[in-house]
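This report refers to the structure that appears directly beneath it.
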Amino acid sequence: MRAQNDAGRRTRRTLKVAALSGAAMLVLSGCSAEVQRGWLPGTRETTNHNDVLTDFWVNSWIAAMSVGLIAWAAMLWCMVAYRRRRTDQGFPKQVGYNMPMETMFTVIPVVLVLVFWGFTDRVQTEVDEPVDDSPLTVTVYGKQWSWDFGYEYEREGGEKLEAYEQGIQAQLNGQDGVQDTLPTLYLPEDVPVHFELKSRDVAHSFWIPQFLQKRDTLPGKTNHFYVTPQETGSFDGKCAELCGEFHSEMLFNVEVVPEDEFVEKMEQMEQGQLPGDEFNRNPNENSDGAQEMEVDLQTPRGGGSH
Ligand SMILES: [Cu+2]
């Protein structure tokens with residue numbers, strides 16, 4: 001009996017130490033900025049959407065973890081409290097078709113899903129709110145396997161600029177300096193940007209991880225997104241949709257720079273409008289190309305009228 005009490009006390013002490021050190025770890029790690037933003041890349045100020053997206057991410061995790069902890073605790077408690085004892089005989093009491101319980105198991109998850117859906121919808125509506133008067137429109141074409149960027153920018157004085165860059169596929173050969181060969185998307189700090197996202201061939205996805213936003217670029221369709229970069233710096237861009245053999249090399253750089261430097265960069269690019277849908281692989285998926293195709297089909301082939 002005495003030995004048993006000692007063992008019990010030891011177990012309790014071990015549990016207490018484990019619980020205390022666990023709590024201490026949580027409290028200490030809770031101080032770091034990285035944990036506070038749920039290990040997301042970027043900072044709360046990288047774009048005008050980062051704060052609301054970060055809060056949504058962190059709060060969703062807290063809510064999901066709370067639900068998980070309650071469910072796991074209930075499961076463990078049931079396993080222990082209602083375990084089969086040595087003296088038990090036959091089946092335990094059967095509690096199937098317990099209406100109040102069944103109703104609870106249905107109603108609680110439905111309410112949870114509706115609440116999560118409500119918050120998701122609110123954040124999504126806020127982030128996707130179109131900005132009608134963006135001074136800068138950037139047309140992005142995804143293509144196997146690089147990016148084209150076309151800029152139309154109206155400066156505050158009314159001066160209009162148009163320039164573009166057509167990217168060439170990166171050659172990831174394991175050597176240094178590849179990053180400098182990637183196409184670079186330049187963005188001015190604190191200027192709202194309207195992105196028009198298109199594809200020249202297959203489905204790609206335009207993704208700047210630190211901006212916490214990504215969106216598909218699809219053939220025959222234009223997608224939009226609106227963002228205001230708020231911090232200067234260099235960021236990574238990627239394709240986030242498996243799009244063929246060299247999907248992993250479909251990379252680009254993002255440079256957020258002060259407005260005057262952005263104008264300088266635009267002046268160093270190809271001047272004029274980015275070549276449009278006529279450069280797409282399947283011309284049937286755009287109006288100009290479809291017209292050409294129609295003319296082509298009407299031309300007699302092989303021993304016609306000539
Ligand atoms: Cu791609």
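The values are calculated or read from the model by the stated rules, or taken from the named source; none is laboratory data. Please read these numbers as outputs of a predicted model, since none were measured by experiment. Using ideal geometry, Cβ is built from the backbone for each residue, glycine included, and neighbour counts are taken over all protein chains shown. Accessible surface is based on the protein model in full, side chains and every heavy atom, while ligands, DNA and RNA are left aside. Shrake-Rupley method; radii C 1.70, N 1.55, O 1.52, S 1.80 Å.
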Practice prompt. Rounded to the nearest 0.05, what FRET efficiency do Asn98 and Asn59 give with R0 = 51 Å and r taken as the Cβ-Cβ distance? Could you check?
Written response: 0.90
Worksheet item: Any idea what Rg and Dmax come out to for segment 136-271 if you just take the C-alpha atoms, in Å?
Response: 14.3, 46
Item to complete: Between Glu270 and Val107, take the C-beta separation as r, use R0 = 45 Å, and let me know the FRET efficiency to the nearest 0.05.
Response: 0.15
Fill in: Accessible heavy-atom area order of Val95, Val52, highest first, probe of 1.4 Å
Val95, Val52
Fill in: Accessible area per residue in Å² at 1.4 Å probe, computed on segment 74-119
103
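Provide the net charge surrounding Glu126, with neighbours chosen by a C-beta distance below 13 Å and charges set as Lys +1, Arg +1, Asp -1, Glu -1.
Numbers: positive: Arg122; negative: Asp51, Asp55, Asp121, Asp128, Glu129.
Its environment carries a net charge of -4.
Please find the FRET efficiency linking Met75 to Lys221, where r is the Cβ-Cβ separation and R0 is fixed at 41 Å, and quote it to the nearest 0.05.
Approximately 0.35, to the nearest 0.05.
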Worksheet entry | Reachable aspartates and glutamates, given that their alpha-carbon falls under 18 Å from the alpha-carbon of Lys143 and they are not under 8 places away in the same chain | Glu165, Glu196, Asp201, Asp216, Asp236, Glu241, Glu245, Glu249, Asp277, Glu278, Glu285
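Which order do Cys243, Cys78 take when ranked by solvent-accessible area (1.4 Å probe, heavy atoms of all protein chains), largest first? Can you show the working numbers first?
On the way: Cys243 10, Cys78 60 Å².
Largest accessible area first, the list is Cys78, Cys243.
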Discussion item. Only bridges whose two residues both fall in segment 136-271 count here: according to DSSP, what percent of them are antiparallel, nearest 5?
Written reply: 75
Response to the item:
Scalar couplings 3J(HN,Hα) for segment 150-161 by Karplus 6.51 cos²θ - 1.76 cosθ + 1.60 (θ = phi - 60°), nearest whole Hz, x for Gly and Pro, are x, 10, 10, 10, 10, 6, 4, x, x, 5, 10, 10
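Leaving ligands and nucleic acids out of the surface, order Val113, Val191 by accessible area at 1.4 Å, largest first. Walk me through the numbers before you get to the answer.
Working: Val113 95, Val191 15 Å².
My answer, sorted largest first, is Val113, Val191.
Carbon and sulfur together cover what percent of the accessible area of segment 164-258 at a 1.4 Å probe radius? Mind dumping the intermediate values first?
Numbers: 1830 of 4150 Å².
On segment 164-258, the fraction of accessible area on carbon and sulfur atoms equals 44 percent.
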Worksheet entry | Rounded to the nearest 10 Å², the accessible area of Asp180 at probe 1.4 Å | 130
Worksheet item: Averaged per residue, what accessible surface does segment 152-251 expose to a 1.4 Å probe, in Å²?
Response: 49
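Once you keep just the Cα pairs under 8 angstrom separated by 6 or more residues, what percentage relative contact order results for segment 141-259? Present the calculation step by step, with values, prior to reporting the outcome.
Working: 275 pairs, mean separation 36.1, N = 119.
Relative contact order comes out at 30 percent.
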